[in-house]
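Taking it in order: structure first as structure tokens, then the write-up.
The values are calculated or read from the model by the stated rules, or taken from the named source; none is laboratory data. Being a predicted model, the structure only gives us computed values, none of them experimental. Glycine also receives a Cβ, built like all others from the backbone with ideal geometry; neighbour counts cover every protein chain displayed. For accessibility, only protein heavy atoms count, side chains too; no ligands or nucleic acids. Shrake-Rupley method; radii C 1.70, N 1.55, O 1.52, S 1.80 Å.
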Amino acid sequence: MTRKQCDTLLINAELFDGLGGPPVTGGVAIGGGQLLAIGDVSDWSAPDTRDLDGLCLAPGFIDVHTHDDLAVLNDSAMEPKITQGVTTVIVGNCGISLAPYKHPPKLVPPLGLLGDADDYRFGSFAAYRRAVDDAGVAVNVAALAGHGTLRAMVLADTDRPASRAEVDAMRGHLNEALTAGVLGLSTGLAYPVAKAAPTEEIVALSQELAAFPGALYVTHMRDERDGVEEAVGETIGIGRQAGVPVVISHHKCIGKQNYGRSVRTLSMIDKALRHQDIAMDVYPYEASSTVLLPELTRHAERILVINSRPHPEFNGMELSRVAEQMGCDDEEAARRLSPAMGVYFQMSPEDIRRIMSHPRTMIGSDGIPGPQSHPRLWGTFPRVLGRYVREDGVLPLEEAIRKMTSLPAQVFGMARRGRLQTGFSADLVAFNAETVLDLADYDTPDRPSTGIEHVFVNGRPVLTDGRVTGTRGGRFLARGAV
Ligand SMILES: [Zn+2]
């Protein structure tokens, strides 16, 4: 018998289809960046054949919530992601995208979270897309257009609602972005740049999405604290009025008095799901991280200061101790430390588990690249697999994998990704279910995980035997394109 030829053959693995089905023993044949055969591959041969010795083999993980807009250009090896088994990142979340803002005179918070004013250098999403493809990134990159970015471009004063003409101008930019292949619109309505935007402004912008099949509305909601239910209601209403699918980003209930409210928010989502398309994402940590802002200090049990520009000597310290030393209150200390980042301990483990277990919940790191970051940048996916699946039994392994693969591919409209299926792209991760674990913590947030052994992006090996190969396999994934 002459065997069929392919580029790479992976044999002797436990295959997870990404759809939540039970694993089956077998292999995959990879050729031309695609999956050519799955299961029994005994009639295939390849110059590169690897015995996976019983490792789990799954579709590569999709990190639906990232702030890697600049990182994919400046640090295209993307080590924090490929060491977790992530093969695709979605950038442009929380209302902030690097494009299409060119040469801003200043950066309204939180736009500085992505980089400096100089880093905003793409006048269109088409230009950003070209830059991503030219950078030769290790992972695939898909993008959202950020409402905050559009607002900062169009409104001289972002502390008020946009006028009709300004909404039209933003819609023009959004149209360009969607034509260039972005997946949808993101907002960060809790942030200074977007706070003054009324619901109608978002509905009007989201109506632009409706003309592009599959384009969706993704939101860091107006309130994740005392008003979290109203914010979920607003989000559902925007999706319904604009007629577009919605994704609630990093869903959480912040502050002790709000612990347990995910019971209510998830039941609102369940009700709405009977009539419209809703999904959400979550990260597996009790602390969040974002810019250090005085108004955000009130609900947290404790806050770690990171990346303070004016006062680097306080980096890594608790805000309350800094305030003590400064002889002021926490809010004033936050003001003096800015620009800075904070790690805010303010979520309950029960809410995280409840949200993670919901069938419409995906996994997103919300990782913010940079020094002294939150451990989620390096640890999110192995943490779910090691702690939530293996140690605590919150989810079955195949369900956790579904949340990282086929569900995000379906929600964001990524054609031929997220499943082990013939003709699909060969984005793959091989890992050891017995040992996979995050090692990054708040003291050492940039430590790679363990147990992730092999990663392929579009058929190219970017991680082999747990080591980064330097091969670059990724490309820009435009909405609807294969
Ligand atoms: Zn956010």
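For the reader, a short list of remarks on this structure follows.
- Output for the stretch 69-92, where each listed residue is in contact with a Leu (Cβ under 9 Å, 6 or more places away or on another chain), crowded, with 24+ Cβ neighbours inside 10 Å and over 18 Å from residue 447 (Cα atoms): 69, 87, 88, 90, 91, 92
- Check on residue 108, buried (at least 24 other Cβ atoms within 10 Å of the Cβ) and within 26 Å of residue 149 (Cα to Cα): no
- Residues of the stretch 220-230 satisfying the condition of being touching a residue at least 40 places away in the same chain (Cβ under 8 Å) and either surrounded by 21 or more Cβ atoms within 10 Å (Cβ to Cβ) or assigned to a strand (DSSP E or B) (or both): 220
- The lone exception for residue 27 - which of (1) without any contact (Cβ under 8 Å) to a residue 60 or more places away in the chain; (2) open to solvent by 10 Å² or more (accessible area, probe 1.4 Å); (3) among the small types (Gly, Ala, Ser); (4) not assigned by TED's automatic domain parsing to the domain that holds residue 152 it fails: (2)
- Filter result for the condition that a residue is modelled with pLDDT of 95 or more, touching a Ser or Thr at 6+ places or on another chain (Cβ under 8 Å) and not polar (S, T, N, Q), over 7, 63, 53: 63
- When 392, 351, 366 are checked against the criterion of being modelled with pLDDT of 95 or more, over 21 Å from residue 248 (Cα atoms), in the same structural domain as residue 266 (by TED's automatic domain parsing) and not polar (S, T, N, Q), a single residue qualifies: 392.
- Number of positions in the stretch 455-466 that are under 19 Å from residue 434 (Cα atoms), outside any loop (DSSP other than H, G, I, E, B) and more than 21 Å from the chain's Cα centre (by Cα): 1
- Boolean, residue 89 is closer than 30 Å to residue 177 by Cβ and modelled with pLDDT of 95 or more: yes
- Matching strands (runs of 3 or more DSSP E) fully within the stretch 241-338 where at least 3 residues are in the same structural domain as residue 355 (by TED's automatic domain parsing) and within 16 Å of the ligand (Cβ to nearest atom): 246-248, 278-282, 287-291
- Members of the stretch 17-53 found to be assigned to a loop (DSSP other than H, G, I, E, B) and touching a Leu at 6+ places or on another chain (Cβ under 7 Å), listed by number: 17, 18, 23, 41, 46, 52
- Residue within the stretch 157-176 that is more than 16 Å from the ligand (Cβ to nearest atom), open to solvent by 10 Å² or more (accessible area, probe 1.4 Å) and either in contact (Cβ under 8 Å) with a residue 60 or more places away in the chain or not assigned by TED's automatic domain parsing to the domain that holds residue 291 (or both) present: yes
- Residues in the stretch 403-437 that are closer than 25 Å to residue 50 by Cβ and among the charged types (D, E, K, R) were compared, and the one that is surrounded by the most Cβ atoms within 10 Å (Cβ to Cβ) is 427.
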